[in-house]
Amino acid sequence: QVQLVESGGGLVQPGGSLRLSCAASGSIRSIYVMGWYRQAPGKQRELVATFYSGGVTNYSDSVKGRFTISRDNAKNTVYLQMNSLKPEDTALYFCNARVLGLANPYWGKGTLVTVSS
């Protein structure tokens, strides 16, 4: 079992920044990739960024160059630094972890990001 707890969401003006955190606990040694997804009202959940155990990262085109995913292994935490935020970045952001041997990932409960003036 893996537990994921997100934090860091909030209200920010366009052009501003936020840093999201996802703290993992439980069987963390079996995690091989962690990621951030988001779901805006009325839309499907979409991938934002992923961080593989070897350090490889991937980003959606919509956030490339503005968002940065990183991982602190000592704290078992994944971060999402979000800069130059736009109103269209408004969404519920979820942390995700994939574990060796399991088909379905673990999910956190989400943290809300609202970009508005």
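The values are calculated or read from the model by the stated rules, or taken from the named source; none is laboratory data. Keep in mind that what you see is a predicted model, and the values were worked out from it rather than measured. Because the Cβ atoms are built from the backbone with ideal geometry, glycine has one as well, and the counts that use them run over all protein chains shown. Side chains included, ligands, DNA and RNA excluded: accessible areas come from the protein's heavy atoms. Shrake-Rupley method; radii C 1.70, N 1.55, O 1.52, S 1.80 Å.
Details
- Counting only residues that are within 13 Å of Trp36 (Cβ to Cβ), part of a loop (DSSP other than H, G, I, E, B) and either among the charged types (D, E, K, R) or within 10 Å of the chain's Cα centre (by Cα) (or both), segment 89-110 holds 2 of them.
- Scanning segment 102-115 for residues that are out of contact with any Ser or Thr (no Cβ under 7 Å at 6 or more places or on another chain) and either small (Gly, Ala, Ser) or open to solvent by less than 60 Å² (accessible area, probe 1.4 Å) (or both) turns up Ala103, Pro105, Tyr106, Gly108, Gly110.
- Just one of the listed residues (Ser30, Ser25, Ser7) is surrounded by fewer than 13 Cβ atoms within 10 Å (Cβ to Cβ) and of a type in the set (Ser, Thr, Tyr), and it is Ser25.
- Set Asn83, Asn76, Asn58: member being at pLDDT below 95, open to solvent by 30 Å² or more (accessible area, probe 1.4 Å) and either among the basic types (Lys, Arg) or more than 11 Å from the chain's Cα centre (by Cα) (or both): Asn76
- Condition check for Ala91: of a type in the set (A, V, I, L, M), under 20 Å from Leu11 (Cα atoms) and touching a residue at least 40 places away in the same chain (Cβ under 8 Å): yes
- Identity of the residue in segment 45-54, touching a residue at least 12 places away in the same chain (Cβ under 8 Å) and in a loop (DSSP other than H, G, I, E, B), that ends up nearest to Glu88 (Cα to Cα): Arg45
- Selection status of Gly65, open to solvent by 30 Å² or more (accessible area, probe 1.4 Å) and under 20 Å from Val99 (Cβ atoms): no
- Ala97 vs. criteria of a type outside the set (Phe, Trp, Tyr) and surrounded by 18 or more Cβ atoms within 10 Å (Cβ to Cβ): yes
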